[in-house]
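Novice: Below you'll find the structure I mean.
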Amino acid sequence: MSYRLSRRDLLRLGAGAVGTAALAACAPTGGPSDSAGSQDTSQESAAEPTQIRLASFDWFANVPGIQWAEYHQMEAFPRYYEEHGDVEILWEPHGDGWSTKVLTNMAAGTAPDVMSTWPPIINTWAEKQQLLDLQPLVDLDIPDADDIFLKAGWDQCWDQITQIRMALVTNIDVTSVYYSKPAFEEAGVAFPAQDWTVEDCAQTAIELTQRDDNGQITRWGGQLRPSFVLGYFYYVEAWGGMVRDEDTLMTCLLGEEPALQAFEWIRENMWDLNCLAQTNQVNASGIPNTWTGVLPANIVAFAERSADQFFDLADAMEEGSWDINHIPTGPVDRVCMGAPDQWCVYKGVAERGNHDAVWNFVKWIGAGEWYQDNVARMSGRLPGLASSADKWPSILREIEGRLEPVQLEVILEQLKSGEARGPQLFRFQSVAEELLIPAMERIYVEGAAPVDILEDIAQQVTEAQKETLARMG
Amino acid sequence: MALRLAKRWRLGSSQKRQDLITAYLCLLPWMVGFLSFVFGPMLFSLGLSFFESDLLTRTFFVGLDNYRDLFREDLFWKSLRVTFIYAFTTVPLGSSIALLIALALNQKLLGLGVWRTIYYLPTVISGVAVSLLWLQIFNPRAGLINNFLAIFGVQGPSWLYSSTWALPSLIIMSVWGVGANMLLYLAGLQGIPTHLYEAATIDGANNWRKFWHVTLPMLTPTIFFNVTISLIGAFQFFTQAFIMTQGGPNNATLSMVLFLYRKAFLQIRFGYASAAAWVLFAIIIAFTLLFQYSSRRWVYYEGETAR
C-alpha cells in the first residue's frame, strides 16, 4: 500500500514542525526535569550538583606529555569532587580570540563563572565592572593572603582604579636572561655576573656579535624581550623614570629625560651598533621572536625570555650548556617583567546562585597547596602561592633531570627581591597603545625615527587619556 | 507591500493562495535567519552608532557625535586611505590577472583540468593559513622573494617590517586568491557563442580584434559581477592585516575593519565602532551604486536589445 503525500499534507507537516520548534524555543531551559513538574523530579533537581563553568587555555602546560585540559578533567576535578561532591565543573577552552569572545559573553550575561586571564585584559574587565570583588571573601577565608602569595603576583590582582581584588594568581611569568655558555666560551667572554650592569650587557653583546667575511652579522650578541610594554618599558624604570604617573595612571612620562635615555640606549645598541638583535632580524631567522630556540640555533648568544621554555631548552641544548641570569642593572634600578596569569570570577555568579561554590573552587585553585604545587608539576610554570613557588625548582628538576645545573633559583630571587614586577599600565591602556605602539615601531622596527619623537607622543597619550575619561563621564 | 499581498490574497483562487503559502513557507527559514542574524543586528548597530556605549556599563545618546569624532580622528582617515589604496589596487590587479589566467586556461592545453585545479586551489585554503604562509614568503632574510631577488644581486626590502612596503606586500599577496574570479571568467568565456568568433574570422578579424570586439564585450557581465564582489570584499579586508601585521608598522596596514575592530573590542567603544562600520557601509554602497550606474554604458547583456 502506498500513500501519496499531498501538498496540503506537506503544509500541515511544515506548520506543525514550525509550531513545535517555536514552542521548544520558548520553553524554559533546564532540561526535562523542569518540564515534568512532578514532585519527584523537583526533588531530583534539588539533588543535582551545582555547576561551575571554568574557562582556561588548552595550551597552558609546558611539561612534555601534559595536556592542561585533560589534567583538569581527569585529575584535578575528580580530586576536588572528593571533598565537594555537590559540585560539577565544566571545562570551557579559551580558543583563539578568547578575550573578545569573553567580552561579548559578558555583554550577553553568559560569561563563564571562572576565567583564566592576565593584565591588562583583566583590568579592562574590572573597569567595566564585570568581575566579582574577591577582597571580602579573601578577608574572611584567606586572612593571611598578603603573606602567603608572592607579592609581585598578588599586588597585580588588585585594581587601583576600581579598588577591587580582581583575581587570585595562577602563576607568575618572569623575564630573565637566558644564555648559551658555548657562545661565551668561544668568544672568550666571561659569563654574565649576577650584578651585571647595562654597560656590561652592551659590552658583552658587542664582543659576542659575530660577522662573516662580508661584514654580515651571523650571530647577534643579545636580544631584549621583544615587546614594547613588557620589555622595553622596564628599562625606563631602570633609568629611574616612569611610564606614567602613579596617582592617576594617565600622565604619560615617556617623553621625560630618564625614559628617553633608556630608549636611546636600546636604540643605539639595536640600530647603530646592532649588537642587540632587532625584532625583524630574529623573525627573519624563521624562529619566533619569543622563543628560546634562538640560543641553540646560535642566532643570539643571550636573550631575555619568559620563564616557560625550560623543557624545550633542555631538549635543544646539551646539559649544562645554558643558564639563566638576572636582567642587567640600569643606572638607577634593576627591573623586569613579573606578570601573573590569574583566575577571576564573573560578577554574574551572584545571580546564578553558585556564588559560594565558585568561591570555594577558586580558593582551592588559587590558595590550595595541592593545586598550586601542580601548577609547577603539570604546567612547569611558577606558582603564585609562595610555599609552592619555593618547591618549583626542585619539582622542575624532578621532571627533567637535565635542569639540575640550571640556576632556576635566579627566577625566584628576581621575584622576591622586587626586580620582577608588574608592567606600569595606563588607566586606558589600549588608548595609550594606539599611539605608543606605532611610534615605537617607527623607532625600533623600522629604525626610521629618533627616540625624541616620544616627547610629542607622550603629550598626545596624556591628552587621549583625559579625553577618554571625559567621554566616560 | 502588505496591502498588495492582501489584495492578491483576496483576488486569488484557492490554488493561488496555496501556492503563495507554499512559497512563503519555503522562504521562511531564510527570512527568519536574515531578519534575526543580519537585518536585526544591522538595525541595532545603526541605532548604537548614535550612542556612547560599551554594552556593559553605560549607554547614552550622543546624536551624531560619534560620526563627528570619527571624521576628526586622524587614524580614521589613515585607515580610510589604506583601505582605498588596497581596494583600488587589488581589484584591477586581481581582475586582470584572473582574466589572463582564464584566457590561458580556455585554450586547448595539456592537462587542462590539473591547471584549473591548481589555480583554484588557493581559494579553498583558509585566510589564516594563507597569511602564515605569506609571512614566511615575505621574510626579509629567509623568505622566498628576497632569496630569489638575491640571485640577481638585488637586496629585497623588509616587506612587512617596513611602513613603505607592508601595504604593497598585502596587495601582492591578494593575487594569490584570484582563483575564484578566474573560474567565473572561465565560465563566462565558455558561454560565448562560437558563431560570433566564426563570423569575426570570416570578416578577417585577427586574434586581438576577436578579443577586443567579441570576447571582452561578451564577458562584461562577468567582469561587472567579479569587480563588484571583489570591490566589496577589498573594502572589508581584515584577516591578512590582523594576522600578519596587526595594522603596523606605524599603522601602514590599518584597514577600516581593523580600525573598527580595535575601537570595539580593545577600547570597548561599540557605539563609535558602529559609526565607523556604517561609514564603511555607506562607502561600499556608494561605490557599488556608482559602478552599477556606470554599467549601463559598458556592460552588454546578450538578448537585451531583443527585449
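The values are calculated or read from the model by the stated rules, or taken from the named source; none is laboratory data. Because the structure is predicted, anything quoted here is derived from the model rather than measured. We place every Cβ from the backbone using ideal geometry, glycine too, and count neighbours over all the protein chains shown. Heavy atoms of the whole protein, side chains included, go into the accessibility calculation; ligands, DNA and RNA do not. Shrake-Rupley method; radii C 1.70, N 1.55, O 1.52, S 1.80 Å.
Novice: Go ahead and run the numbers for FRET between A:GLN160 and B:LEU20, Cβ-Cβ distance against an R0 of 51 Å, rounding to 0.05.
Specialist: FRET efficiency, A:GLN160 to B:LEU20: 0.20.
Novice: Could you report the accessible area of B:LEU132 in Å², rounded to 10, computed with a 1.4 Å probe on the protein chains as they sit in the structure?
Specialist: My reading of the accessible area for B:LEU132 is about 90 Å².
Novice: Helix-derived [θ] at 222 nm for chain B: sum -39500 (n - 2.57) over DSSP H runs of at least 4, divide by residue count, nearest 500?
Specialist: Helix-only estimate at 222 nm: -21000 deg cm²/dmol.
Novice: How big is the B/A interface in buried accessible area, both sides summed, 1.4 Å probe, to the nearest 100 Å²?
Specialist: Summing both chains' loss of accessible area gives about 2900 Å².
Novice: Continuing with this model, one more query. Shielding by partners for B:245-251, please: the mean number of other protein chain Cβ atoms within 10 Å of each residue's Cβ.
Specialist: 6
Novice: How big is the charge dipole of the protein assembly as shown about its Cα centre, in debye rounded to the nearest 20, if each Lys and Arg gets +1 on its Cβ and each Asp and Glu gets -1 on its Cβ?
Specialist: With only Lys, Arg, Asp and Glu charged at Cβ, the dipole is about 6000 debye.
Novice: Turning to a different aspect of this structure: For chain A, find the longest principal axis of its Cα atoms and tell me its angle to the long axis of helix A:429-440, 0 to 90°, nearest 10.
Specialist: Around 40 degrees separate the two axes.
Novice: For the peptides B:104-112, B:118-126, what is the packing order when you average, over each peptide's residues, the other Cβ atoms within 10 Å and list the highest mean first?
Specialist: With the highest mean Cβ count within 10 Å placed first, the list reads B:118-126, B:104-112.
Novice: Regarding chain B, what's the average projected area of the Cα-atom convex hull, expressed in nm²?
Specialist: If you wrap the Cα atoms of chain B in a convex hull and average its projections, you get 24.3 nm².
Novice: Averaged over peptide A:69-79, how many Cβ atoms belonging to another chain are found within 10 Å of each residue's Cβ?
Specialist: 0
Novice: If you don't mind, another one. Could you provide, to the nearest whole Å², the per residue accessible area of the protein assembly as shown with probe 1.4 Å?
Specialist: It amounts to 48 Å² per residue over the protein assembly as shown.
Novice: Here is a follow-up. Among B:14-25, A:159-170, how do they line up from the highest to the lowest mean number of other beta-carbon atoms within 10 Å?
Specialist: Top of the packing list down: A:159-170, B:14-25.
Novice: Relative to a virtual label point 7 Å from the Cα of B:ILE97 in the Cα→beta-carbon direction, which members of region B:137-154 show backbone nitrogen distances below 15 Å?
Specialist: Flagged as within label range: B:137-138, B:145.
Novice: Quick one: work out the % antiparallel among DSSP beta bridges in chain A, nearest 5.
Specialist: Antiparallel bridges: around 65 percent, rounded to the nearest 5.
Novice: Assuming R0 = 56 Å, can you tell me the calculated FRET efficiency for the pair A:TRP370 and B:LEU133, based on Cβ-Cβ distance, to the nearest 0.05?
Specialist: 0.80
Novice: As an exercise, use a Förster radius of 45 Å and the Cβ-Cβ distance of B:PHE60 and A:LEU140 to find the FRET efficiency, rounded to the nearest 0.05.
Specialist: 0.75
Novice: Could you give each residue of region A:216-231 its phi-based ³J(HN,Hα) in whole Hz, using Karplus coefficients 6.51, -1.76, 1.60 with θ = phi - 60°, and x for Gly or Pro?
Specialist: Values per residue, Gly and Pro as x: 6, 6, 9, 8, 8, x, x, 8, 7, 4, x, 8, 5, 6, 8, x Hz.
Novice: Using modelled amide H (1.01 Å from N, peptide plane; none on Pro or chain starts), what sits under 5 Å from the amide H of A:LEU168, excluding residues fewer than 5 places away?
Specialist: A:TRP343
Novice: Next question. Give me the dipole magnitude in Debye, nearest 20, for region B:68-298 about the Cα centre, with unit charges on the beta carbon: positive for Lys and Arg, negative for Asp and Glu.
Specialist: My answer is approximately 260 debye.
Novice: Right, another one. Extent of region A:252-305 along each principal axis, from alpha carbon coordinates, in Å, largest to smallest?
Specialist: 38, 23, 17
Novice: Here's a follow-up. Can you work out the Karplus-derived ³J(HN,Hα) for every residue in region B:203-212? Use 6.51 cos²θ - 1.76 cosθ + 1.60 with θ = phi - 60°, whole Hz, and x for glycine or proline.
Specialist: 6, x, 6, 7, 4, 4, 5, 4, 5, 5
Novice: Right, next: Across peptide A:100-107, what mean number of C-beta atoms from other chains lies inside 10 Å of a residue's C-beta?
Specialist: 3
Novice: Oh, and also: Which one, B:ASN66, B:ASN207, B:ASN181, has the greatest fluctuation when you compute a Gaussian network model over chain B with C-alpha springs under 10 angstrom?
Specialist: The residue with the greatest mean-square fluctuation here is B:ASN207.
Novice: Rg(Cα) of region A:107-254 divided by 2.2 N^0.38 Å?
Specialist: In units of the 2.2 N^0.38 Å rule of thumb, it is 1.46.
Novice: Could I ask something else about it? Taking the Cα-to-Cβ direction at B:SER13 and at A:ILE453 and moving 7 Å from each Cα, how far apart do the two end points lie in nm?
Specialist: Using points 7 Å along Cα→Cβ, the separation is 7.7 nm.
Novice: How large is the direction-averaged shadow of the alpha-carbon convex hull of region A:291-417, in nm²?
Specialist: Averaged projected hull area, Cα only: 10.0 nm².
Novice: Which loop chymotrypsin sites (Phe, Trp or Tyr not before Pro) in region A:45-112, with loop taken from DSSP, have no more than 12 other Cβ atoms within 10 angstrom of their Cβ?
Specialist: Loop-located and lightly packed - A:TRP59.
Novice: Which residues, if any, in region B:38-74 lose at least 10 square angstrom of accessible heavy-atom surface (probe 1.4 Å) when the other protein chains sit next to their chain rather than the chain being alone?
Specialist: Residues shielded by partner chains are B:GLU52, B:ASP54, B:LEU55, B:LEU56, B:THR57, B:ARG58, B:PHE60.
Novice: I've got another one for you. Could you tell me which helices of chain B pass both thresholds, a Cα extent of 18 Å or more along their own axis and a mean Kyte-Doolittle hydropathy of at least -1.0, with helices taken as whole DSSP H runs?
Specialist: B:14-34, B:74-105, B:112-124, B:216-235, B:270-298
Novice: For the protein assembly as shown, how big is the tail of P(r) above 38 Å, as a whole percent of Cα pairs?
Specialist: Within the protein assembly as shown, distances greater than 38 Å cover 53 percent of Cα pairs.
Novice: Ok, one more. Taking amide H atoms as placed 1.01 Å from N in the peptide plane, list the residues 5 or more away in sequence, or in a different chain, whose amide H sits under 5 Å from that of A:ARG53.
Specialist: When sequence neighbours closer than 5 places are left aside, the close amide H contacts are A:LEU90, A:ASP113, A:VAL114.
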